[in-house]
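**Student:** Take this structure, written in structure tokens, and hold onto it; I'll ask about it next.
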Amino acid sequence: MFQRLRQKWKVNGPQLALIICTFAIGGSLTGYAGRTLLNEFGIHQNWLWVVLYILLIIMLWPLAVILVSIPFGQFSFFLKYIRKIGKRAGVVRSRESGVRSQPSGTKLTTHIAIFASGAGSNAQKIIDYFRDHSSIKVALVVCNNPEAGVLKIAVRENIPSLIIEKEKFFRGNAYIGKLKEKQIDFIVLAGFLWKIPSLLIKAYPGKIINIHPALLPNYGGKGMFGHHVHDAVIANKEKESGITVHYIDELYDHGQIIFQARCPVLENDTADSLAQRIQALEHYHYPAVIEGLVGKLTR
Ligand code: GRF
């Protein structure tokens, strides 16, 4: 059971012990405070006492565990935990703007698939961003390279992954069946190096986006990935570069531009130093752009 809790909450052993202590002490404090308050008001133990006691417990418990969590060093865990419960109970508004609850009978959660072939630093940021999201879930990682770092991230994050083969992707059904099986609503490319077949684009119209580490329409197209992009930007003595989020079409880095952010290219920049600046922009903006687009879809 402890092992399962550690995985679920992504904490180590000592932290789990502190969390359990906080729950125990916070719970006891809540019970004690509830009983004391009711006695102070002279309420006798009858059905009204029970009802008031339950109400008091519900109101006091979050306060008690938050207070106890401070000396135990678990404040941020409990803040998140209580927010999550509050969101589920509908008493805490989601911090996300734009994503509204859907009419009953429709799907409440939008499932995202991340397509990635590499290290997966963007995938990690997207997963982190949507971990406790009320209406968006990263439900699948799709990868064409069994050695890719992104697959390790998927395992660590408990997200199912799908390794795809070229033949089936381009000449089969583009794994549409598998994506539908996982109820994927929206596809996010994050370092995925293959083109997207028309079949898949038609199955997800306006629902597949990509991020490119330059200001498109410049420095895009076949072969323009990773350091090739930054080398070209530096070689052309550009004063600025940036990132572009765009819809996918049948050509490389070509679909309609959704969002761009810029950064300077410095005199002494190398492809590495520029890549770092660009990556920081990607990590900062991409998850929020995805959230905004999904929000529009579900409105
Ligand atoms: C990013 O620079 C992205 O713009 C491009 O591929 C890279 C992926 O990096 N499409 P990572 O695997 O997310 O670290």
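The values are calculated or read from the model by the stated rules, or taken from the named source; none is laboratory data. On a predicted model such as this, the values are computed, not experimentally measured, just so you know. Reconstructed Cβ throughout: ideal geometry from the backbone, glycine too, with neighbour counts over all protein chains shown.
**Student:** Being among the charged types (D, E, K, R) and either within 18 Å of PRO197 (Cβ to Cβ) or in a helix (DSSP H, G or I) (or both) is the filter here, so list the residues in region 243-279 that pass it.
**Tutor:** Applying the first criterion (among the charged types (D, E, K, R)) to region 243-279 yields 249-250, 253, 262, 267, 269, 272, 277.
Selection gives ASP249, GLU250, ASP253, ASP272, ARG277.
**Student:** For region 242-299, what are the residues that are small (Gly, Ala, Ser) and more than 21 Å from GLY226 (Cβ to Cβ)?
**Tutor:** The initial filter retains those residues of region 242-299 that are small (Gly, Ala, Ser), namely 242, 255, 261, 271, 273, 275, 280, 288, 292, 295.
Hits for region 242-299 are ALA288, GLY292, GLY295.
**Student:** Output the residues belonging to region 1-33 that are at pLDDT below 90 and more than 18 Å from SER76 (Cα to Cα).
**Tutor:** Correct list: MET1, PHE2, GLN3, ARG4.
**Student:** Among the residues of region 49-70 satisfying the criterion of being without any contact (Cβ under 8 Å) to a residue 40 or more places away in the chain and of a type outside the set (A, V, I, L, M), which is surrounded by the fewest Cβ atoms within 10 Å (Cβ to Cβ)?
**Tutor:** Going through the qualifying residues, I end up with TRP49.
**Student:** Can you find a residue in region 149-159 that is within 16 Å of GLN124 (Cα to Cα), touching a Gly at 6+ places or on another chain (Cβ under 9 Å) and of a type in the set (S, T, N, Q)? Don't jump to the end; show me each part of the working.
**Tutor:** Start the filter on region 149-159 by keeping residues that are within 16 Å of GLN124 (Cα to Cα), which leaves 149-159.
Retained after the next criterion (residues that are touching a Gly at 6+ places or on another chain (Cβ under 9 Å)): 149-154.
Keeping just the survivors that are of a type in the set (S, T, N, Q) gives none.
Looking for residues that are within 16 Å of GLN124 (Cα to Cα), touching a Gly at 6+ places or on another chain (Cβ under 9 Å) and of a type in the set (S, T, N, Q), one finds none in region 149-159, hence no.
**Student:** Follow-up. From the list ALA123, ALA89, pick out the single residue that is within 16 Å of the ligand (Cβ to nearest atom), among the aliphatic types (A, V, I, L, M) and either in contact with a helix residue (DSSP H, G or I) (Cβ under 8 Å, 6 or more places away or on another chain) or at pLDDT below 90 (or both).
**Tutor:** It is ALA123.
**Student:** Does any residue of region 169-188 turn out to be within 16 Å of the ligand (Cβ to nearest atom) and either within 15 Å of ILE112 (Cβ to Cβ) or not charged (D, E, K, R) (or both)?
**Tutor:** Taking region 169-188 first, the residues within 16 Å of the ligand (Cβ to nearest atom) are 187-188.
The next check asks that each one be either within 15 Å of ILE112 (Cβ to Cβ) or not charged (D, E, K, R) (or both); those that pass are 187-188.
Yes: region 169-188 contains one or more residues that are within 16 Å of the ligand (Cβ to nearest atom) and either within 15 Å of ILE112 (Cβ to Cβ) or not charged (D, E, K, R) (or both).
**Student:** Consider region 168-207. How many of its residues are β-branched (Val, Ile, Thr) and within 16 Å of GLU250 (Cα to Cα)? Even if it seems obvious, please write down each step before you answer.
**Tutor:** Let us first name the residues in region 168-207 that are β-branched (Val, Ile, Thr), namely 176, 184, 187-188, 196, 201.
Among the residues that remain, those that are also within 16 Å of GLU250 (Cα to Cα) are: 187-188, 196, 201.
Summing the residues that are β-branched (Val, Ile, Thr) and within 16 Å of GLU250 (Cα to Cα) in region 168-207 gives 4.
**Student:** Taking region 220-242 on its own, how many of its residues are under 21 Å from ASN268 (Cβ atoms), away from the ligand (no atom under 11 Å from the Cβ) and part of a loop (DSSP other than H, G, I, E, B)?
**Tutor:** Of the residues in region 220-242, 4 are under 21 Å from ASN268 (Cβ atoms), away from the ligand (no atom under 11 Å from the Cβ) and part of a loop (DSSP other than H, G, I, E, B).
**Student:** Right, another one. Given the structure, is PRO205 surrounded by 18 or more Cβ atoms within 10 Å (Cβ to Cβ) and within 19 Å of ILE112 (Cα to Cα)?
**Tutor:** Details: surrounded by 18 or more Cβ atoms within 10 Å (Cβ to Cβ): no; within 19 Å of ILE112 (Cα to Cα): yes.
It is false that PRO205 is surrounded by 18 or more Cβ atoms within 10 Å (Cβ to Cβ) and within 19 Å of ILE112 (Cα to Cα).
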